[in-house]
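Inspection log for the structure reproduced underneath, given as structure tokens.
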Amino acid sequence: MFFSPRLCMALLLTALLGACASPITARVTRFNQWPADLTGSTFSFRTPVDTGRELEQATYEGHVQAALEKQGLKRAPAGQLGRIQAEVSATLRSKEKTYLQPIYQDNQVFLPPFRDASGRVFPGAWAADPFGPRYVGDRQVSYTVHTASLRLRLLDAQASPPGKPRTVFESRAVYEGGSDNLPAVVPYLVRAVFDDFPGQNGQVSTVKFDSETGALIKK
């Protein structure tokens, strides 16, 4: 198969554009009945069901702790339950997907010899097809999509039956893309959850970050 310089340049440009860093995007769903008197209240973390990832879990809780402290809450002393009890879980799933990619061939055509009006004879030559690249079929391309998910639930123990705190905030942030590095993605998901916290009840939003600087991309 012959590729002309024109097509090679187009393919190179496509590759360069594909290499440009894409934003880190999180889709966030939030529900809340956030009390107005929580400033200065304490919070603690509830023990997750999966106790086989203590250090990893503690790392994720550390990101949530920093975010809660920015909201005016403070961590309860060790061994004590806070008014707000937080549940944090992070998961990663991977899935193979396929799509059909069109294939184009930049043909060469043979121009036969010809004689001009003055009698000069020009030999035949190969040249680019004047109709441009031609579609010749499709090929199946496979790629892996990684889905990182963060779920956060905040429960209020005040004015609730003992041992049965009521949920005042719950949110799920999801990233779908090429990164399978969950610990690197979770900080962005936490920031997405707390963007404009607590937000509107039932709100679904998209939050984007610059993948090079980590800065929030303003809407």
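The values are calculated or read from the model by the stated rules, or taken from the named source; none is laboratory data. What you are looking at is a predicted structure, and each value in this text was computed from that prediction instead of being measured. With ideal geometry, Cβ positions are generated from the backbone for all residues, glycine too; neighbour counts draw on all protein chains shown.
The table below gives the values:
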read-out: Conditions (1) under 22 Å from Arg30 (Cβ atoms); (2) surrounded by 13 or more Cβ atoms within 10 Å (Cβ to Cβ); (3) over 14 Å from the mean Cα position of the chain (by Cα); number of the one not met by Phe209; value: (3)
read-out: Residue within the stretch 127-148 that is of a type in the set (A, V, I, L, M, F, W, C), at pLDDT 90 or above, in contact with an Asp or Glu (Cβ under 9 Å, 6 or more places away or on another chain) and on the phi < 0 side of the Ramachandran plot present; value: yes
read-out: The stretch 18-38, subset farther than 18 Å from Glu170 by Cα and of a type in the set (S, T, N, Q), residue surrounded by the fewest Cβ atoms within 10 Å (Cβ to Cβ); value: Ser22
read-out: Check on Asp210, among the charged types (D, E, K, R), out of contact with any Phe, Trp or Tyr (no Cβ under 7 Å at 6 or more places or on another chain) and in contact (Cβ under 8 Å) with a residue 24 or more places away in the chain; value: yes
read-out: Residue in the stretch 159-167 that is at pLDDT 85 or above and out of contact with any Leu (no Cβ under 7 Å at 6 or more places or on another chain) present; value: yes
read-out: Where Leu11 falls short, out of the listed (1) in a helix (DSSP H, G or I); (2) at pLDDT 80 or above; value: (2)
read-out: Strands (runs of 3 or more DSSP E) contained entirely in the stretch 91-206, each with at least 2 residues that are out of contact with any Ser or Thr (no Cβ under 9 Å at 6 or more places or on another chain) and under 30 Å from Arg30 (Cα atoms); value: 166-177
read-out: Residue tally, condition touching a strand residue (DSSP E or B) at 6+ places or on another chain (Cβ under 8 Å) and in contact (Cβ under 8 Å) with a residue 12 or more places away in the chain, over the stretch 93-120; value: 19
